[in-house]
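Chemist: Here it is, the structure in full.
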Amino acid sequence: MGNGKVYIAGAGCGDPGLITVKLKNALENADCIVYDRLVGSAVLNYAGKNAELIYFGKENTEGGLIQEEINKILVKKAKEGKNTVRLKGGDPFVFGRGGEEILELVEEGIEFELIPGITSAVAVPEYAGIPVSHRGINTSFHIFTGHTQKDGSWPNLEAAAKLEGTLIFLMGVKNLGRISTELIKYGKDKDIPTAVIENGSTAKQRVTEGTLKDIEKLCIEKNVKSPAVIIIGEVVKLREKMKWFEKKEFFGKTVLVTRNQEQVHSLSEKINEAGGSALELPFINIKYNDFELPDFKKYKAVLFNSANAVRGLFGKIKDLRILGDIKIGAVGIKTLEEIEKNKIIPDFFPKEYKIEKLAEMAVEFTGENDGILVVTSDISPFDETVYSKKHNRKFTALKVYSTEKIIRDKAETEEYINKSDILTFLSSSTFEAFMGSIGSDKKLLEGKAIASIGPVTSDTIREYGINVDIEAENYTAEGLLEAIGKFEIPSGN
């Protein structure tokens, strides 16, 4: 067995949409991913199901022993024949120690490839509406590390103070006072505009603006913490006109997405695109059953109550002509869209998103004792006997998929809850699995907004004695996002 290949890769900063297509492909095909603390969980969602994930970092990612361990693990995994991604926040070469790791790989004769990442030095100011350079203001920008090196050395601030371009400091919050004092001491204008940007390009981005002489005081008052980028220069004045990210609909909102693994990414991407931060923690899994196709000649109508039901049945059908002239009914806009993907237009589509209404409309298209097939899941409340007796038809349920509840570790779930402002639930079964994971500990939900896709899910939530703060008017994922966008998080959250 030959050695695997190691990719030294930058994950960008904050917004998961800032990763490159090349990195996405590498993550999807990686056997092992070694990542640090500045890599967002959303980026790791691109990892393949069987990828080994190894975390290094905690709070101290600076040199010494931990870097030696990282170097050794990269060599070890490569020699096991695994294609390995070493995933770093920002760019591997912008104070990222990527060069040290590459030199170790070269020494061991291991093939490597570099995948650049978008550095926070440029992206974070831009998300705050501050260009690092602007015609007529500056012709250069300079990036410095904001902390001392292992040998105690410090950036040459005397030389930096004499530079006319924009000054950018990474990892410098703890030393902000020293940075500002020394720059002024060596001649930098004490009134030059300065900004400190916390959690840049995320929903929790916060910008503190001032001048070089008062920025430390302002940051202490606002309890500014890392990760943060310091930017010094006249370009900071442009923020008033150029800020854009904070105006997005979901800015300031961290949303827990709990829907099934198959669909969780599409919802998360929309939240992130709208300026929010999505955290993914699925509580259900959709599994399509193995079943025999029915004899459709026995039925006058086929009813679908979910998009998953459509996928489950049509995934088995090889020739659509097997359906003949059977009437087709659907409930829910997503169900309708999924049917139309198969070049079929349903004969009836009730406005209310309820199986009861779908069954009532089916009666209008069938005669007494006609067979009606209801394509559904294993946990559907649909009762063949009750509906057959009520409508004088022969209703039959075909369960084409199963909904498996995922019960997670309470500590893991609590960690995600604590990071979130809004918890979303798109089905009753999802909420039930969520409550099972936290042992129905309602205290964990204090101060959190609960968002429901519709009345059925809301009723389930209330049965647990929990208030529903947000309910979609249109009972779809998009409808829920629309409702969340309008919701104002109470101050203090």
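Chemist: From the C-alpha gyration tensor of segment 1-111, pull out the three semi-axes of the equivalent ellipsoid (sqrt of 5λ each), sorted largest to smallest, in whole Å. Please report the intermediate quantities before stating the final value.
Modeler: Details: eigenvalues 77, 60, 29 Å².
For segment 1-111, the ellipsoid semi-axes come out as 20, 17, 12 Å.
Chemist: With a bin width of 10 angstrom, please list the P(r) values of segment 66-134 as percents of all Cα-Cα pairs, from the 0 bin to the one holding the largest distance.
Modeler: Reading upward from the zero bin: 19, 43, 21, 13, 4.
Chemist: Sticking with this structure for a sec: What does the highest-first list of 30-39, 100-109, 238-247 look like by mean Cβ count within 10 Å? Numbers along the way, then the final one.
Modeler: Values: 30-39: 21.2, 100-109: 15.4, 238-247: 13.7.
The packing order, highest mean first, is 30-39, 100-109, 238-247.
Chemist: Can I ask one more? Which pairs, out of K419/K442; K24/K243; K204/K248; K316/K399, put more than 21 Å between their alpha-carbon atoms?
Modeler: The pairs that break the limit, which is 21 Å between Cα atoms, are K24/K243.
Chemist: On the protein heavy atoms, probe 1.4 angstrom, tell me the percent of accessible surface of segment 205-254 carried by carbon and sulfur.
Modeler: That fraction is 51 percent.
Chemist: Would you mind computing the Rg to Rh ratio of the chain from its alpha-carbon coordinates, Kirkwood style for Rh?
Modeler: Computed over Cα atoms, the ratio is 1.07.
Chemist: Tell me, what HN-Hα J-couplings in whole Hz come from the Karplus equation 6.51 cos²θ - 1.76 cosθ + 1.60 at θ = phi - 60° for each residue of segment 455-463, using x for Gly and Pro?
Modeler: Whole-Hz 3J(HN,Hα) from phi for segment 455-463: x, 5, 5, 4, 4, 4, 4, 5, 4.
Chemist: Long-range amide H contacts for I328: which residues qualify at under 5 Å (H placed 1.01 Å from N, peptide plane, sequence gap of 5 or more or a different chain)?
Modeler: Those qualifying (amide H under 5 Å, at least 5 residues apart or on another chain) are V302, D347, F348.
Chemist: On to the next question. For segment 319-402, what is the relative contact order in percent, using Cα pairs closer than 8 Å and at least 6 residues apart in sequence?
Modeler: Across segment 319-402, relative contact order equals 24 percent.
Chemist: Using alpha carbons only, how many angstrom separate the centre of segment 163-233 from the centre of segment 316-349?
Modeler: When both Cα centres are located, 59 Å separates them.
Chemist: I'd like the projected area of segment 229-359, averaged over all directions, using the convex hull of its alpha carbons. Report it in nm² with one decimal.
Modeler: Values: hull surface 50.6 nm².
Averaged projected area of segment 229-359's Cα convex hull equals 12.6 nm².
Chemist: Explain nothing, just the number: relative contact order of the chain, from Cα pairs under 8 Å at least 6 residues apart, as a whole percent. Walk me through the numbers before you get to the answer.
Modeler: Numbers: 1008 pairs, mean separation 52.3, N = 493.
Averaging sequence separation for qualifying contacts and normalising by length gives 11 percent for the chain.
Chemist: Mind checking the dipole of the chain: about its Cα centre, +1 per Lys or Arg Cβ, -1 per Asp or Glu Cβ, Debye to the nearest 20? Write out the running numbers ahead of the final one.
Modeler: Working: 66 positive and 73 negative charges, 61 e Å.
That gives a dipole near 300 debye.
Chemist: Further question: Hey, could you pull the Cα Rg and Dmax for segment 56-210, both in Å?
Modeler: Looking at segment 56-210, its Cα Rg and Dmax stand at 18.2, 57 Å.
Chemist: Let's test this: bin the Cα-Cα distances of segment 153-310 at 5 Å from zero up to the farthest pair and state each bin's percent.
Modeler: In whole percents, the pair-distance histogram is 2, 8, 13, 13, 12, 9, 7, 7, 6, 5, 4, 3, 3, 3, 2, 2, 1, 0.
Chemist: Right, here's the next one. Do any GluC sites (Glu not before Pro) in segment 248-354 lie in a loop, going by DSSP, with at most 16 other beta-carbon atoms within 10 Å of their beta carbon, and if so which?
Modeler: Counting only loop positions with at most 16 other Cβ atoms within 10 Å, the GluC sites (Glu not before Pro) in segment 248-354 are E249, E292, E352.
Chemist: What are the residues whose amide H is under 5 Å from the amide H of E280, where those residues sit 5 or more places off or on another chain and H is modelled from the backbone?
Modeler: Excluding prolines and chain starts, which carry no amide H, the hits are V257.
Chemist: Of all DSSP beta bridges located in the chain, what percent are antiparallel, nearest 5? Provide the component values of the computation, followed by the final result.
Modeler: Numbers: 21 of 71 bridges.
Roughly 30 percent of the beta bridges in the chain run antiparallel, per DSSP.
Chemist: Taking the radius of gyration and the Kirkwood hydrodynamic radius from Cα positions alone, what is the Rg/Rh ratio for segment 401-493, to two decimal places?
Modeler: 0.95
Chemist: Can you compute the equivalent ellipsoid semi-axes for segment 332-451, i.e. the square root of 5 times each eigenvalue of the Cα gyration tensor, sorted largest first and rounded to whole Å? Please report the intermediate quantities before stating the final value.
Modeler: Numbers: eigenvalues 281, 54, 33 Å².
Ellipsoid semi-axes (Å, largest first): 37, 16, 13.
Chemist: With the convex hull built on the Cα atoms of segment 127-232, state its orientation-averaged projected area in nm².
Modeler: Reported value for the Cα convex hull: 6.6 nm².
Chemist: Given H placed 1.01 Å from N in the peptide plane, which residues other than close sequence neighbours of A397 have an amide H under 5 Å from its amide H?
Modeler: V374
Chemist: Mind listing the Cα extents of segment 257-308 along all three principal axes, in Å, largest one first?
Modeler: Taking max minus min along each principal axis of the Cα atoms, segment 257-308 gives 51, 20, 11 Å.
Chemist: Which ³J(HN,Hα) values in Hz, rounded to whole numbers, follow from the phi angles of segment 241-251 under the Karplus curve 6.51 cos²θ - 1.76 cosθ + 1.60, where θ = phi - 60° and Gly and Pro get x?
Modeler: 8, 9, 5, 9, 5, 5, 8, 5, 4, 9, 4
Chemist: Right, here's the next one. Name the lysines eligible as straight-distance cross-link partners of K185: C-alpha to C-alpha under 21 Å, and not fewer than 8 places from it in the same chain.
Modeler: K162, K174, K213, K217
The values are calculated or read from the model by the stated rules, or taken from the named source; none is laboratory data. Predicted model only: the values in this text are computed from it and were never measured. Note that each Cβ is placed from the backbone with ideal geometry, even for glycine, and that neighbours are counted across all protein chains shown. With ligands, DNA and RNA removed, areas are computed over all heavy atoms of the protein, side chains included. Shrake-Rupley method; radii C 1.70, N 1.55, O 1.52, S 1.80 Å.
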